[in-house]
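The values are calculated or read from the model by the stated rules, or taken from the named source; none is laboratory data. Please read these numbers as outputs of a predicted model, since none were measured by experiment. Methodologically, a virtual Cβ is constructed for each residue, glycine included, from the backbone with ideal geometry; neighbour enumeration extends over all protein chains shown. Just so you know, the surface numbers come from the protein's heavy atoms only, side chains and all, with ligands and any DNA or RNA stripped out. Shrake-Rupley method; radii C 1.70, N 1.55, O 1.52, S 1.80 Å.
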Amino acid sequence: MNTEIRRTGIAAIALGAALGLAACGSSDSSTTADAGAAPTSSAPSSSDTSMGADPAAQPFGSACTAVPKSGPGSFTGMATAPVASAASANPVLSTLVTAVKKAGLVDTLNSQKAITVFAPTNDAFSAIPPKTLNAVLTDKATLTRILTYHVVAGKIAPDQLAGAHKTLEGGTLKVSGSGDSFTVGAGKAPIVCGNVPTANATVYIIGSVLSPPK
């Protein structure tokens, strides 16, 4: 991922362990970063996706409208690139891109054969106090643990999303909901744009940063 846009308004991903441990003590929690409501269905037209005409196969959620309509950062463009590279082209995920690069996880994520990534928006990161965020961004071990907690094995379709999933970090992440309305983690981070395809991953863009269990 190569875009290093600092937060100005709005993926790997409050940052997790240090952030989560500072913000809350319960395991599998998320920050209360995103002020948006739970997502409503807002699937783009088939011309904006690479997944055909089946509505169930298309991205869904209120924040999908913020994704570029064309180019590398669009749904079609992201579908052709591995997940870390795909996210780097999407302006909604620029802070996540910075975090993934600092953790040295670009190659790790791009080389996975099939994964699901819960990718916090720039707004999710912006809710973290700058001092706390900067501290975590300079702590590679903590940052790695946080970001890998946002990744689970396999490309998970929406109809298989609800339930508990083992993360790359080693913990368990619970997803609740159905249809086009889901929350992730004990803090109920909303999925604001779900079922986004990349070459090796399915991405669910979320409104809060998740905290790994202690």
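For the range 149-214, a crude dipole built from +1 on the beta carbon of Lys and Arg and -1 on the beta carbon of Asp and Glu, taken about the Cα centre, is about 200 debye to the nearest 20.
For the range 50-146, a crude dipole built from +1 on the beta carbon of Lys and Arg and -1 on the beta carbon of Asp and Glu, taken about the Cα centre, is about 260 debye to the nearest 20.
Computed about its Cα centre, the charge dipole of the range 58-214 is approximately 300 debye, with only Lys, Arg, Asp and Glu carrying charge at their Cβ. Given the whole protein assembly as supplied and a 1.4 Å probe, what does the accessible area of Lys155 come to in Å², nearest 10? Solvent-accessible area, nearest 10 Å²: 100 Å². Each residue, Thr172 and Lys113, gets one label point 7 Å from its Cα in the Cβ direction; the gap between the two is 2.6 nm. Ordering Gly154, Ser111, Ser94 by the projection of their Cα atoms onto the charge dipole of the range 79-178, which places +1 on the Cβ of Lys and Arg and -1 on the Cβ of Asp and Glu, puts Ser111 at the extreme positive end.
If R0 is 41 Å, the Cβ-Cβ spacing of Ala199 and Thr138 corresponds to a FRET efficiency of close to 0.85.
Does the range 71-214 come out rounded, prolate or oblate, given a ≥ b ≥ c as the square roots of the eigenvalues of its C-alpha gyration tensor, rounded meaning a/c under 1.5 and, failing that, prolate meaning a/b above b/c? The shape class here is rounded.
In the structure shown, the pairs Lys102/Lys214; Lys102/Lys131; Lys113/Lys214; Lys166/Lys214 are assessed against 25 Å; a Cα-Cα span above that value is assigned to Lys113/Lys214.
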